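See below for the structure under consideration.
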Amino acid sequence: MKTSLLTLLSDQVVPSVLFISSLAEIGDDVFVVTTQKMKDKGKINDLEESLGRKWKIREIVVQNEDSISELSSHLDMIRWIEYDAAYIDLTLGTKIMSLAVHSYFSRFGELYGKPTINFYYQPVGKNQLKKIDTNEVINPPLLTLNEYLAAYGITASNQQEKCLVPAQTTNAVLLQYNERWREASRLFRILRNANKPKWHSDRLIPLGSETFPTIIKETGEEWHPSENELQLMHEFCKAAGFDIDGITRKHIEYLSGGWLEEWFYNKVKEIMPELSAEQIALSLKIKTKTGVENELDVALVNTQNAFRYAECKTSLTDERSGHSFIVETLYKQSAIRKNFGLSAAPIIVTVDEMKDSSIKRAKDLDIRIISFDDIHNEDGLKQKLIEYLKK
């Protein structure tokens, strides 16, 4: 049986990906109706990338998205009667485009009887394809993280393959977190951000007082930790299970805040054991098609094909000026969310205290917060994670 599929394509590419991957078989002809503006933005290429280039997309590009006659003229150029079945997705595009496509194929089916026309749409907020005028519902396949990101022109360049420290140890570090550990994290951030020396991933750094290297801070001044500071760093190392006679850059990244990222990553996997390795990532480096780079501490596509990502902050205060950067953090997350589609929801995870005004602002921006108080309320944390991650 010869089959064709047609989808309307706009800024939100994922619905078209879900429609095609749900109904198309290799060898089917796949058509996309879109505007010149969307083509120029690379949306057709994003669709093909997300689908793994399994299908060659046949383009129907209109100049005037409000012209029914122009779209009909384009559709008339294709010999639809050669197909036995046509699956039509009306989810995206403008209302005029959707109505025009529905009117065209309804008339076509009535006049010629072939192909058999099947109309589908995807309700907002539901991971479903519904067939119009029937009770048929299709649950689309789960997207991988790379497939989801590719639909928005984003590539993943690198990620942390596994946790550096066992989950039980990281959990203990978090539960014991206090002012001493806060100070220890600050000291390791000085090491991580130092101008000199530059830490390579495999270089061993001794933390003994006699062997401790000369550090040039990012401010340009030399740093010589006191005996008390060294002792605190030693204690934090031991709490994480590291040997103070030789730590590496990876250890420093963990001790300066990576432990919170690993804790949250482990919590997500605990709450959502159904996630495959291809649906979740730790410390994911990404790049947009315009070359903008970002790092997502934890990122995932849940079982509703919705995108969730977290920024983990051990401190929300500039350590030099004492200025709180929670507002900047909130607006940054609100801005970058636009890159990830309508289903994206950012989460900020912090062991710092947040003022009620900041929590209200986060709620107004639809940014989800996991705070110090949440972390120490096991039942409340579980319920909040289920709400934030799964819904």
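What follows is calculated from the coordinates using simple rules that are stated; it is not laboratory data. Note that the structure is predicted; figures quoted are calculated from it, not measured. Counting neighbours? That spans all protein chains shown, and the Cβs are built from the backbone with ideal geometry, glycine included.
Numbers for the structure displayed
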item: Peptides ranked, highest mean first, by Cβ atoms within 10 Å: ranges 217-226, 380-389, 332-341; result: 332-341, 380-389, 217-226
item: Highest-MSF residue in the chain out of 285, 238, 130 [GNM, Cα springs under 10 Å]; result: 238
item: Set of lysines with alpha-carbon distance to residue 39 below 17 Å, sequence-local pairs under 8 removed; result: 56, 289
item: Cα-based Kirkwood hydrodynamic radius, the chain, one decimal, Å; result: 23.8
item: Between helix 259-271 and the chain: long-axis angle, C-alpha atoms, 0 to 90°, nearest 10; result: 40
item: Relative contact order (percent, whole number), the chain, Cα cutoff 8 Å, 6+ residue spacing; result: 13
item: Relative pair counts by distance (%), Cα atoms of segment 3-141, 10 Å bins; result: 12, 46, 37, 5
item: Loop GluC sites (Glu not before Pro), segment 152-200 (other Cβ atoms within 10 Å of the site Cβ: 12 or fewer; DSSP); result: 161
item: Mean-position separation - Cα centroids, segment 321-391 and segment 1-62, in angstrom; result: 34
item: Relative contact order, percent, segment 3-141 [alpha-carbon distance under 8 Å, six or more residues apart]; result: 26
item: Amide H contacts under 5 Å for residue 313, placed H, 5+ residues apart; result: 349, 350, 351
item: Equivalent ellipsoid semi-axes - Cα gyration tensor, segment 267-390, angstrom; result: 22, 20, 13
item: Proportion of all alpha-carbon pairs of segment 167-255 beyond 14 Å (%); result: 64
